[in-house]
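A.B. asks: Below are the structure tokens for one structure; questions will follow.
The values are calculated or read from the model by the stated rules, or taken from the named source; none is laboratory data. Note that the structure is a prediction, hence the values are computed from the model and not measured. Neighbour counts run over all protein chains shown; Cβ positions are idealised from the backbone, glycine included. Keep in mind that these areas ignore ligands, DNA and RNA; they rest on the heavy atoms of the full protein, side chains included. Shrake-Rupley method; radii C 1.70, N 1.55, O 1.52, S 1.80 Å.
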Amino acid sequence: SVAGVKLRLTRVSATGFLLAEDDHDPRLDRSTVSDADGNYQFTGIEPYDHYVIVATHDDFRRTEVTDIAIGDSGTFTEMVVMLPGHSLTGFIFDEAKNPVPGATLHLDGVFGPTSSEAHDDRLSTTSDETGYYEFTNSTVGHHSLTVMAEGYGNQIIRGLQFIEGKGPDQRNVYLKIAERISGRVVGPDGAGLEGVEILAVSISNSNRQCRSDAISAEDGSFDIGALNAGKYTVVAKMEGYRLERSHRVETGSSDVILQMRRLSLVTGIVLGPDGAAPTSYEVRLRRTHANTDQTTETNIKEKFANPDGSFQLSVPSDGTYLVEARAKDYAPSFSQ
């Protein structure tokens, strides 16, 4: 029996989360911890045929039990088997082969290093005074390694493949002295925009990448550090705005101007037959077509839970749209 295992009951496996389940609400997941005898319990569970249990523990690799069927009533027992995992070790050096202590390393699996969602498929560690690092009990399969250290360019190494029964693997990483890209983000009137997310990405080969980001200051200025020397694609994102075009920029540039365009907004209210707003609802834009009643689904959508039923969507491109609203226990409804 294993005590202290963190267990999460969810409706989506790691693969399903990435591929198809954009309607999943992680706030509905349930969590618990196994007791001294290895026992765990979830109570008051809604019937569903494909629940997933995600189990994590520092001494074992992340484990998923899928396709758990829970009926209308009764007690359902599911055995979770924790297994030892894969190991990855190595050293972090600078270009002169000096050790880099205190580097932060993240080992990511299926979700990847750029996931915007909180997830439990990441292992993290720090290099010691000799630059040595060690990951234990990783899952098998494809992984990526992110390395960050003060004064050095970030590095993301993709394509690490851990095979059951083989290993441990070793990977030394050589960091380069950091360079920077700076500039200013402006709106349609030329005034600086505060709070814009700016990202710089460079790919040196198929499995090696550097990326770093920054948030624009009150006057629209930004300064992206932790970059390796080279050319980067610089993009910007802010609710209600769209970057006119991405830029290819060489490190050391200090006068980059990112021009943002204000997007149109669609606003409205979603109400049920009784005049009250649903507890939660999703609003999506569908593009209309001249001389036909047919519409095309777009990816312009968002979930809301406003007590007054209000919604607001930014529209990235001009056109004529129809608004579709969906909520649990209601039929889909459409605007004019």
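A.B. asks: Kindly indicate the residue of the range 182-193 that is open to solvent by less than 30 Å² (accessible area, probe 1.4 Å) and part of a loop (DSSP other than H, G, I, E, B) and also nearest to residue 246 (Cα to Cα) among those meeting that condition.
C.D. replies: To start, the set of residues in the range 182-193 that are open to solvent by less than 30 Å² (accessible area, probe 1.4 Å) comprises 182-183, 185-187, 192-193.
Then keep just the ones that are part of a loop (DSSP other than H, G, I, E, B); that gives 187, 193.
Working: 187: 15, 193: 17 Å.
Residue satisfying both the conditions and the ranking: 187.
A.B. asks: Which of (1) farther than 23 Å from residue 243 by Cα; (2) over 26 Å from the mean Cα position of the chain (by Cα) is the odd one out, the single condition residue 318 does not satisfy?
C.D. replies: Single failed check for residue 318: (1).
A.B. asks: Would you pick out the residues in the range 247-283 that are under 14 Å from residue 316 (Cβ atoms) and either touching a Leu at 6+ places or on another chain (Cβ under 8 Å) or not aliphatic (A, V, I, L, M) (or both)?
C.D. replies: 260, 261, 262, 264, 265, 266
A.B. asks: For residues that are touching a Gly at 6+ places or on another chain (Cβ under 8 Å) and among the acidic types (Asp, Glu), scanning just the range 235-283, find the one that is nearest to residue 180 (Cα to Cα).
C.D. replies: Once the filter is applied, the top-ranked residue is 250.
A.B. asks: Quick one: in the range 156-176, of everything that is in a loop (DSSP other than H, G, I, E, B) and within 26 Å of the chain's Cα centre (by Cα), which residue is surrounded by the most Cβ atoms within 10 Å (Cβ to Cβ)?
C.D. replies: By that ranking, first place goes to 171.
A.B. asks: Further question: Being in a loop (DSSP other than H, G, I, E, B) and open to solvent by less than 60 Å² (accessible area, probe 1.4 Å) is the filter here, so list the residues in the range 306-331 that pass it. Reasoning before the result, please.
C.D. replies: Start the filter on the range 306-331 by keeping residues that are in a loop (DSSP other than H, G, I, E, B), which leaves 306-309, 316-320, 327-331.
Answer for the range 306-331, where residues must be in a loop (DSSP other than H, G, I, E, B) and open to solvent by less than 60 Å² (accessible area, probe 1.4 Å): 306, 309, 316, 317, 319, 327.
A.B. asks: If the Cβ limit is 8 Å and pairs must be 6+ apart or interchain, which residue in the range 84-98 that is farther than 18 Å from residue 148 by Cβ pairs with which residue that is at pLDDT below 95 and small (Gly, Ala, Ser)?
C.D. replies: Final answer for the pair search is 85/138; 86/138; 86/167; 87/138; 87/167.
A.B. asks: Please give the strands (runs of 3 or more DSSP E) falling wholly within the range 194-296 in which 1 or more residues are in contact with a Cys (Cβ under 7 Å, 6 or more places away or on another chain) and either at pLDDT 95 or above or open to solvent by less than 60 Å² (accessible area, probe 1.4 Å) (or both). Quick ask: steps written out before the conclusion?
C.D. replies: Details: elements: 197-205, 208-215, 221-227, 231-238, 241-243, 247-250, 256-262, 264-269, 281-288.
Passing ranges, in order: 197-205, 221-227.
A.B. asks: Quick one: which residue in 129, 179, 150 is charged (D, E, K, R), within 22 Å of residue 225 (Cβ to Cβ) and loosely packed, with under 13 Cβ neighbours inside 10 Å? Break it down into steps so the answer makes sense when it comes.
C.D. replies: Numbers: 129 fails: within 22 Å of residue 225 (Cβ to Cβ); 179 fails: loosely packed, with under 13 Cβ neighbours inside 10 Å.
So the residue among 129, 179, 150 that is charged (D, E, K, R), within 22 Å of residue 225 (Cβ to Cβ) and loosely packed, with under 13 Cβ neighbours inside 10 Å is 150.
A.B. asks: Identify, by number, the condition in (1) within 30 Å of residue 53 (Cβ to Cβ); (2) in contact (Cβ under 8 Å) with a residue 60 or more places away in the chain that residue 146 doesn't meet.
C.D. replies: Checking residue 146 against (1) within 30 Å of residue 53 (Cβ to Cβ); (2) in contact (Cβ under 8 Å) with a residue 60 or more places away in the chain, the one that fails is (2).
A.B. asks: When you check residue 304 against the structure, is it in contact with a Phe, Trp or Tyr (Cβ under 7 Å, 6 or more places away or on another chain) and aromatic (Phe, Trp, Tyr), yes or no?
C.D. replies: Criteria met by residue 304.
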